[in-house]
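Colleague: First the structure, then my questions, so here it is.
Rule-based calculations on the coordinates, nothing more; no lab input. Computed from a prediction, not measured in an experiment: that's the story for all the values here. Cβ placement follows ideal geometry from the backbone for every residue including glycine, while neighbour counts extend to all protein chains displayed.
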Amino acid sequence: MVAQYRGSQVGGSYSVGGELPQVKWTVVRGDTASFRVFVYDDDGDPLDLTEWTLAMDVERQYYDNAGEATTSEIIISLTPTITGEDEPTGSFTVSLLSDESEILETDDAFDIQISDETRVWTLAQGTMTIIEDITAQPSES
């Protein structure tokens, strides 16, 4: 007996799930920064996020002399903010404060998850690109 995907021929190859969107977030060290994420349900309608918990962690990998990853550490944990809470729009904003961007490094990795009591859904993954600041802050001069 062979399991068969409905409407297909025996012996086919199938993919389940999909590739996560890959985000490259470029931030100037010491700047505030943000971006907006839009989430849709299977019907293409904006997902009501008010019943979901939103989270994002930024992680740094550490490598040995041979270039092999040895350990990792969560550098920052962020809580994205739902946009349009009065009328759910299926969107939220991820924001960094200036002191948070100060400690980030290029190639730090992150993912964004939403969860409820029974499900966890990773929406996207990405890496940071950090550009060094040139202009001093007014308080630094």
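Colleague: In terms of modelled amide H atoms, which long-range or inter-chain residues lie less than 5 Å from the amide H of T83?
Modeller: Those lying under 5 Å, H to H, from T83 are S91, F92, T93.
Colleague: For the stretch 28-34, in order, what is each residue's ³J(HN,Hα) by Karplus, 6.51 cos²θ - 1.76 cosθ + 1.60 with θ = phi - 60°, in whole Hz (x at glycine and Pro)?
Modeller: Result, ordered by residue: 7, 3, x, 8, 7, 8, 7 Hz.
Colleague: Taking the chain as a Gaussian network, Cα atoms linked when under 10 Å apart, which of E102, E73, E19 shows the biggest mean-square fluctuation?
Modeller: E19
Colleague: Also, I was wondering about something else. Treating only the Cα positions of the chain as identical point scatterers, give the base-10 log of I(q)/I(0) from the Debye formula at each q in 0.20 Å⁻¹.
Modeller: -1.20
Colleague: Here's another thing I want to ask about it. Provide V16, V37 in ascending order of the number of other Cβ atoms located within 10 Å of each residue's Cβ, fewest first.
Modeller: With the fewest neighbours first, V16, V37 line up as V16, V37.
Colleague: Sticking with this structure for a sec: Tell me which of S101, I75, T129 sits at the most positive position along the dipole axis of the chain, charges placed on C-beta atoms (Lys, Arg +1; Asp, Glu -1).
Modeller: T129
Colleague: What is the sum of charges, Lys and Arg at +1 and Asp and Glu at -1, for the other residues whose Cβ falls under 10 Å from the Cβ of E59?
Modeller: Neighbourhood net charge equals -3.
Colleague: Would you please give the residues with an amide H less than 5 Å from that of V28, counting only those at least 5 places away or on a separate chain, with H modeled from the backbone geometry?
Modeller: Under 5 Å from the amide H of V28 lie the amide H atoms of I131, each far enough along the sequence or on another chain.
Colleague: Can you sort S34, S91 so the residue with the fewest Cβ neighbours within 10 Å comes first? Can you show the working numbers first?
Modeller: Working: S34 12, S91 18.
So the ranking, lowest neighbour count to highest, is S34, S91.
Colleague: Pick from G90, G44, G126 the residue whose mean-square fluctuation is largest in a GNM of the chain, springs joining Cα atoms under 10 Å.
Modeller: G44
Colleague: From the phi angles alone, apply the Karplus equation (6.51, -1.76, 1.60; θ = phi - 60°) to the stretch 71-79 and give each ³J(HN,Hα) in whole Hz, x where the residue is Gly or Pro.
Modeller: With the stated coefficients, the stretch 71-79 comes to 9, 9, 9, 6, 8, 9, 10, 10, 10 Hz.
Colleague: Only Cα pairs within less than 10 Å get springs; with that Gaussian network setup on the chain, which residue of D116, D64, D108 has the largest fluctuation?
Modeller: Looking only at D116, D64, D108, the biggest GNM fluctuation is shown by D64.
Colleague: Also: If amide H atoms are built 1.01 Å from N in the plane of the peptide, which residues on other chains or at least 5 residues away come under 5 Å of the amide H of L78?
Modeller: M56, D57, V58
Colleague: Using unit Cβ charges (K, R positive; D, E negative) and no other charged atoms, how large, in debye to the nearest 20, is the dipole of the chain about its Cα centre?
Modeller: 580
Colleague: Once every DSSP H run of n ≥ 4 in the chain is given -39500 (n - 2.57) and the sum is divided by its residues, what mean residue ellipticity at 222 nm do you get, rounded to the nearest 500 deg cm²/dmol?
Modeller: -500 deg cm²/dmol
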